[in-house]
Amino acid sequence: MDTDKKKLNLTEKEKEDLLKEILGIEYSKVGNNLPLLKNTIDIVNYLDSSLTLSQLVPYFNTILSSSRLVGVVSAGASIFSIFLFPVSAMISIINAYQVGHTMYAYRAIAYTLTAWAFSKPLPQSSNRVLLNIREGGVVASVRAKAEYKKVWDKTSRTVLSKVTTELSTKGIPDEALKILLRAAANNSEQKLCDLIMVGFEDKMSLITRMTWKSNYSIKFPG
C-alpha cells in the first residue's frame, strides 16, 4: 500500500491496515487511541499536509503514548477531553489569581491553543467575557480591564512557549500536534476549544466550576 498517497478514501479496515504498516511493532501500543489515529488519516488527507502519513503517524503515536505530552480521555463514542501537559505547569500560577482572572486565564489557554492548532491569528482577548464582567459591575475601571489584558497576554505567551519548547525537545514538528488536535475535534475549531475548556473543569472549585460552565455559551473566538 502506498502510505504517501494523498486524498485517500479508505474504509475503517483499510485505515487500520495502513496504521499497522506504518507503525510496525509499535502498533501494539496504540490501544484506545486507534479511533483518533484513524481520524488523523482523514485530517491529513483533507489538509494535504506537507508531511506524509508515513512521516506523521509515528509522531502521533509518540505524542499519544507520552503522559507528559498529552492525555486524551474518552468520554463517549466521539467525545474527547483534552489536557495538554504545559497547562499543568501553569496551574499553580493561575490558581494564585483572583477567581475572575483564573477563569479568564483558562479561556486564554483554550483560545490560544485552538487558534494555534488551526494556524489562525491568536485572539488578544475575549470581548464577550469582558463585556459581561463590565455589565455585572465587577470591572468598573480602565485599570481593571488592563489587569485582565495582562493576565491574557501572559497566559497566552507562556502556554505557546511551553508547547513549542516541548515539541522541539521531543523532535516533533508543530504540524503533528496541530493535526492531532484537529483530528480529536473532527476538524472543528469550536469543538476543539470546547473540549479544552471542559478539560479544565476538574482544576476548579465547585463554585468556580459552576460559573465556568455557565459561560460555555460564549463561543470561540468571541
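Here are some notes:
- Fully extended contour minus Cα-Cα distance, from Arg157 to Leu206, at 0.36 nm per residue: 14.8 nm
- Our coupling estimate for the stretch 177-189, obtained by passing each phi through the Karplus curve with A = 6.51, B = -1.76, C = 1.60 and θ = phi - 60°, is 5, 4, 5, 5, 5, 5, 5, 4, 9, 6, 6, 10, 4 Hz, Gly and Pro reported as x.
- Model label sites at Ser50 and Tyr216, defined 7 Å from Cα along the beta-carbon direction, differ in position by 3.7 nm.
- With a threshold of 19 Å on the Cα-Cα distance, the over-threshold entries among Lys191/Lys213; Lys38/Lys178; Lys162/Lys219; Lys150/Lys219; Lys191/Lys219 are Lys162/Lys219; Lys150/Lys219.
- For the stretch 50-56, the Karplus equation 6.51 cos²θ - 1.76 cosθ + 1.60, evaluated at θ = phi - 60°, returns couplings of 5, 9, 7, 4, 5, 7, 7 Hz by residue, with Gly and Pro reported as x.
- Residue-wise HN-Hα couplings along the stretch 108-116, as the Karplus relation 6.51 cos²θ - 1.76 cosθ + 1.60 with θ = phi - 60° gives them from phi, are 4, 5, 4, 5, 5, 5, 5, 4, 4 Hz; Gly and Pro carry x.
- The modelled label-to-label distance between Ser168 and Asn132, using points 7 Å beyond Cα along the C-beta direction, is 3.6 nm.
- The charge dipole of the stretch 97-198, taken about the Cα centre with unit charges on the Cβ atoms of Lys, Arg (+1) and Asp, Glu (-1), comes to about 260 debye, rounded to the nearest 20.
- Site pair Glu14 and Lys145 shows an inter-label distance of 5.5 nm when each label is modelled 7 Å from Cα along Cα→Cβ.
Coordinate-derived values only; no laboratory data. Not measured: the values here are computed from a predicted model. Reconstructed Cβ throughout: ideal geometry from the backbone, glycine too, with neighbour counts over all protein chains shown.
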